Amino acid sequence: MSQRFMVTTPIYYVNDKPHIGQAYTTIAADVLARFHRAGGEETFFLTGTDEHGSKVEETAKTLGKTPQELCDLNVEHFKKAWRSLNISYDYFVRTTDVRHQKAVEKLLSLLRDATTEEGEKVIYAGEYRGLYCVGCEKFITDKELVNGLCPDHLQEPRKVTEKNYFFRLSSYLKQVQKLIREDQLKISPAERKKETLGLLKQGLDDFSISREKVSWGIPLPFDPEQNTYVWVDALPNYISAVGYGDDSKQFQRWWKEGRVVHLIGKDILKFHAIFWPAILLASGENPPNQIFLHGFFTVDGQKMSKTLGNIVDPEYLVEQYGSDGTRYLLLTQFPFGQDGDIQVGRFAEKYNADLANDLGNLVSRALKMVKSYCQGEIPKPSAYQKPDEDLKGEATECAEMVWRYIRDININLAIDQIMKLVRSTNRYIEKQAPWALAKENKKERLETVLYVSCETLRIISALFYPVLPQRCRRMRELLGLSEEELNPTLTEARKWGLLKPETKVGTPESLFPRLETKGKAEKPEVVTMGQKTEPEISFEEFSKIDLRVAEVKGAERVKGANKLLKLRIDLGSEQREIVAGIAEQYSPEEMIGKKIVVVVNLKPAKIRGIESKGMLLAAKDGKLLSLVCVDKDIKSGSEVS
Ligand code: ME8
């Protein structure tokens, strides 16, 4: 029997469109799934959306929609983003699916009847008094607050007193600790295992599994006045999606017999590494095999947040760098498993260096030489010399190393290893100089060198396929591989000599077209989530936006940012500084004296260290940009309505 591998992402909240944090986890899971498939393992890749809870309910209300309508709308954004990123999930679970709801009900009924080893009821009713952050969908302790606010959402938590049902977590801590200590439930990287054991040592309280005040949720089967608390609804997605309670064969196949790996961000460690195994133990199910927690990233040095408006839309990245480019760029910014910074401002530079130059040029260069020196056919090699043997050795060993890294979920090292092979191939071609061999009429040597180059490219295309599926498939077409050979396997990546001489190659093309970097090494275009999903706002909401006429009194370029101008504006009663992304279209000189329109009641935002107190209005048409200006005789500070 081949190994079975099941990989999951968190199920994401749907009160907004997907952002690059969620895309990061999903791309990483996709790379793992594709590697395992290529490695011949039966693979099940699960992702989905977490749709219940007060956050969705409240967002829906402000948009004048029902919660279900909002979920249905936003789920499509997730699915669309995952399509454009080539995410090959096998199943998309939604917590509003009837199948999921039935599974949760079954689990809850079972837990309600269960008793702990000490003979106590696993679920009991109690009263909860506490602070609840709607943003986190969780109760929050005084200790966690910063200046009275939730540090993640900068919101004041609500005081809540209500009847709740509780899960007797305290009775399961020892067992969970043992599972983790002995790696029956492997928590990785190692420092996260340490962190989890630390949490367990401190001790944790029983947790609430239901809410009285949230109506958008699954009613408890034993008390319909109460709805499941978000985590007890969300975590079971991992089993409902593989048939818990409705398809025992499928459940056996994946949950019981597969190697189950949950890939998540470190923010949800406690729920996955402690609550989830405890729930599974209490209901008589096995825990997953591994939980891998990757780090959290900032974007160009800043924490991603709606308030700062620096949340990047993954689809914007796909437009700029292509699907494969985005996958590669997001995964190669910092080591997987650690925290890091995503330098969107330097994406174009890295794309050009690694993908356009090192890989793309290598492919087109090799194919061009096959076209000019070998009539467009894969040549027949003669006896190998040392450099040929060396490259062959490196190429055939690469698969072993890459596979080892992937099994350890060391995605960066796997990619580095493939890039090393790309660079060795470039060096090989430089040194062997086929163009010189052609000039000197050394036909046999020339053909051997080109065969070795193309064969290495075939191996590279097989190894890189899980990361760059679209472009590697094209690369394989160009190398003349047949339709059946376009989806590579790792077995094939270990073998040498599979390219058949005399196969016609395709017309060379640039796999990763070079990007203009001028003006791109700036801040990313930011897309505040929700913009496109909220087509209607009320008059009342619109009237909250304070638009005023302002005269530009001073203007200068922002150092190190080609797109930005710092403007000093006069609003009649006061002067302010704002930063605007208009430097490519307007010089500082021509800005002076313009009467522009500015949103003046925005929260100030720090842009490149400068506090920007407002935002000007401009029309945008691709690269064209035109400021919204008014006649010079309109007084500064006049209202625009
Ligand atoms: O927490 N860096 O959903 P969510 C890296 N519904 N990864 C990031 C990130 C960042 N800055 N921001 C988000 C939920 N992520 C629950 C999960 S699971 C049973 C329920 C990723 O939409 C990371 O994977 O808030 C994180 O764990 C996840 O998005 C949180 O997604």
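Observations, loosely collected:
- Ser188 falls short on exactly one of the conditions (1) of a type in the set (Gly, Ala, Ser); (2) closer than 26 Å to Ala282 by Cβ; (3) surrounded by fewer than 13 Cβ atoms within 10 Å (Cβ to Cβ), and that condition is (3).
- Candidate set from the stretch 124-156 (those that are within 16 Å of Val230 (Cα to Cα) and aliphatic (A, V, I, L, M)); member that is surrounded by the most Cβ atoms within 10 Å (Cβ to Cβ): Ile140
- Taken over the stretch 11-22, residues that are open to solvent by 10 Å² or more (accessible area, probe 1.4 Å) and outside any helix (DSSP H, G or I) amount to 7.
- Every listed requirement among (1) modelled with pLDDT under 95; (2) touching a Phe, Trp or Tyr at 6+ places or on another chain (Cβ under 7 Å); (3) not acidic (Asp, Glu) is met by Val134 save one, (2).
- Test set (1) modelled with pLDDT of 95 or more; (2) in contact with a Ser or Thr (Cβ under 8 Å, 6 or more places away or on another chain); (3) part of a helix (DSSP H, G or I); (4) of a type outside the set (A, V, I, L, M) - Lys79 fails condition number: (2)
- One residue from Gln338, Gln320 being under 17 Å from Gln22 (Cα atoms), polar (S, T, N, Q) and either crowded, with 17+ Cβ neighbours inside 10 Å or under 15 Å from the mean Cα position of the chain (by Cα) (or both): Gln338
- Total residues in the stretch 198-214 satisfying the condition of being within 17 Å of Phe139 (Cα to Cα) and of a type in the set (S, T, N, Q): the figure is 2.
Here is a yes/no grid of residues against (1) open to solvent by 10 Å² or more (accessible area, probe 1.4 Å); (2) under 24 Å from Phe334 (Cβ atoms):
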position	(1), (2)
Thr396	yes, no
Glu400	yes, no
Ile409	no, yes
Asn426	yes, no
Leu457	no, no
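- Residue match in the stretch 238-249 (condition: within 16 Å of the ligand (Cβ to nearest atom) and either over 28 Å from the mean Cα position of the chain (by Cα) or acidic (Asp, Glu) (or both)): no
- Of the residues in the stretch 334-345, not one is among the aromatic types (Phe, Trp, Tyr), farther than 28 Å from Ser453 by Cα and assigned to a helix (DSSP H, G or I).
- Taken over the stretch 330-348, residues that are of a type in the set (A, V, I, L, M, F, W, C) and within 20 Å of Leu293 (Cα to Cα) amount to 5.
- From the list Leu308, Leu220, Leu280, the lone residue that is under 29 Å from the mean Cα position of the chain (by Cα) and open to solvent by less than 10 Å² (accessible area, probe 1.4 Å) is Leu280.
- Condition met for Ser88 (among the polar types (S, T, N, Q), open to solvent by less than 70 Å² (accessible area, probe 1.4 Å) and outside any loop (DSSP other than H, G, I, E, B)): no
- Only residues that are farther than 20 Å from Phe45 by Cα and either part of a strand (DSSP E or B) or over 20 Å from the mean Cα position of the chain (by Cα) (or both) were counted across the stretch 250-270, and they come to 1.
- In the condition set (1) crowded, with 23+ Cβ neighbours inside 10 Å; (2) in a helix (DSSP H, G or I); (3) of a type outside the set (Lys, Arg), Tyr244 is compliant with all but (2).
- Number of residues in the stretch 485-505 that are under 16 Å from Glu41 (Cα atoms), open to solvent by 40 Å² or more (accessible area, probe 1.4 Å) and assigned to a loop (DSSP other than H, G, I, E, B) equals 2.
- The stretch 205-217, subset among the small types (Gly, Ala, Ser) and under 19 Å from Trp276 (Cβ atoms), residue surrounded by the fewest Cβ atoms within 10 Å (Cβ to Cβ): Ser208
- Failed condition for Trp255, given (1) within 12 Å of the ligand (Cβ to nearest atom); (2) closer than 20 Å to Ala29 by Cα: (1)
- Search result, residues across the stretch 259-273 that are away from the ligand (no atom under 13 Å from the Cβ) and open to solvent by less than 10 Å² (accessible area, probe 1.4 Å): Val260, Val261
- In the set (1) in contact (Cβ under 8 Å) with a residue 12 or more places away in the chain; (2) farther than 28 Å from Gln385 by Cβ; (3) open to solvent by 10 Å² or more (accessible area, probe 1.4 Å); (4) more than 25 Å from the chain's Cα centre (by Cα), the condition left unmet by Arg474 is number (4).
- Residues that are within 12 Å of the ligand (Cβ to nearest atom), of a type in the set (D, E, K, R), in a loop (DSSP other than H, G, I, E, B) and without any contact (Cβ under 8 Å) to a residue 60 or more places away in the chain are absent from the stretch 23-46 altogether.
- Taken over the stretch 274-299, the criterion of being touching a His at 6+ places or on another chain (Cβ under 8 Å) and away from the ligand (no atom under 12 Å from the Cβ) is satisfied by Gln290 alone.
The values are calculated or read from the model by the stated rules, or taken from the named source; none is laboratory data. Because the structure is a prediction, the values reported are computed rather than measured. So basically every Cβ, Gly included, is an ideal-geometry build from the backbone, and we count neighbours across all protein chains shown. Ligands, DNA and RNA are excluded from the accessible area calculation, which covers all protein heavy atoms including side chains. Shrake-Rupley method; radii C 1.70, N 1.55, O 1.52, S 1.80 Å.
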